[in-house]
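Engineer: I'd like to ask you about the structure that follows.
Bear in mind that the values in this text are calculations on the coordinates, not laboratory data. Just so you know, these numbers come straight off a predicted model, no measurement behind them. Methodologically, a virtual Cβ is constructed for each residue, glycine included, from the backbone with ideal geometry; neighbour enumeration extends over all protein chains shown.
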Amino acid sequence: MQKFVDNYKKLGISSVAFPWMGAMNGGIPIETIKSLTRKYLSALTDIDIEVYDFDPDVPCAIYKTLVNIVKEKELTLSELEEMSGIKARYWIKIIDAINDEKTKSINNLCHYIVNGKRIIGKTNIERLFVFLTKYKDGKIIEQNSLF
């Protein structure tokens, strides 16, 4: 937070939205997070600041895309593997997790544990995100580069 406070003017930032940083993955109690966030940000009167609660169980658009792919069986395992770069054995685990009623979001999927281990690692999470953001109507849509 201090780094943000020290640099937001130099960076030309006039508004920002933050989650309660450190509460979920950092393991810091939420009341401690709220107190520290207010301490650092309350004196900043020349910037619009919104701090929001993150609900890890709320599905986003890309999660809904994944659910549709799985539930509608739009693609075979080999097609999923080819299009996403994620091996079929991991797709089987992803599909099993999606079919579990406790999995309600990408966040839930990323933290889904079987036999004491997460079913999907960082590299496959990144591949899944790229795949889902480019996927439309059974094919990958290449986006034009800004550069």
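Engineer: Which far-off residues, 5 or more places away or on another chain, put their amide H under 5 Å from the one on Phe18, with H placed in the peptide plane?
Structural biologist: Amide H neighbours of Phe18: Glu50, Val51, Tyr52.
Engineer: Right, here's the next one. On a C-alpha basis, how far is the centre of segment 100-116 from the centre of segment 41-87 in Å? Whole number, if you could?
Structural biologist: Here the answer is 13 Å between Cα centres.
Engineer: Okay, moving on. How large are Rg and Dmax for the chain when only the alpha carbon atoms are used, in Å?
Structural biologist: According to the Cα coordinates of the chain, Rg and Dmax are 19.2, 55 Å.
Engineer: Among Ala97, Ala88, Ala43, determine the one that fluctuates most according to a GNM of the chain built with springs between C-alpha atoms less than 10 Å apart.
Structural biologist: Residue with maximal mean-square fluctuation among Ala97, Ala88, Ala43: Ala43.
Engineer: Can you give the extra length, in nm with one decimal, that the chain gains between Met1 and Phe129 once fully stretched, where that is 0.36 nm per residue apart less the Cα-Cα distance?
Structural biologist: Residue separation times 0.36 nm, minus the Cα-Cα distance, leaves 43.3 nm.
Engineer: Based on Cβ point charges of +1 for Lys and Arg and -1 for Asp and Glu, what charge dipole magnitude is obtained for the chain about its Cα centre, in debye rounded to the nearest 20?
Structural biologist: 420 debye
Engineer: Here's something else I'd like to know. DSSP loop (so not H, G, I, E, B), at most 14 other Cβ within 10 Å: list which trypsin sites (Lys or Arg not before Pro) in segment 51-147 pass both filters.
Structural biologist: Lys73, Lys87, Lys102
Engineer: Now a separate question. Using helices alone, what [θ] at 222 nm do you get for the chain, with -39,500 (n - 2.57) per DSSP H run of 4 or more residues, divided over all residues and rounded to the nearest 500?
Structural biologist: Computed ellipticity for the chain at 222 nm equals -13000 deg cm²/dmol.
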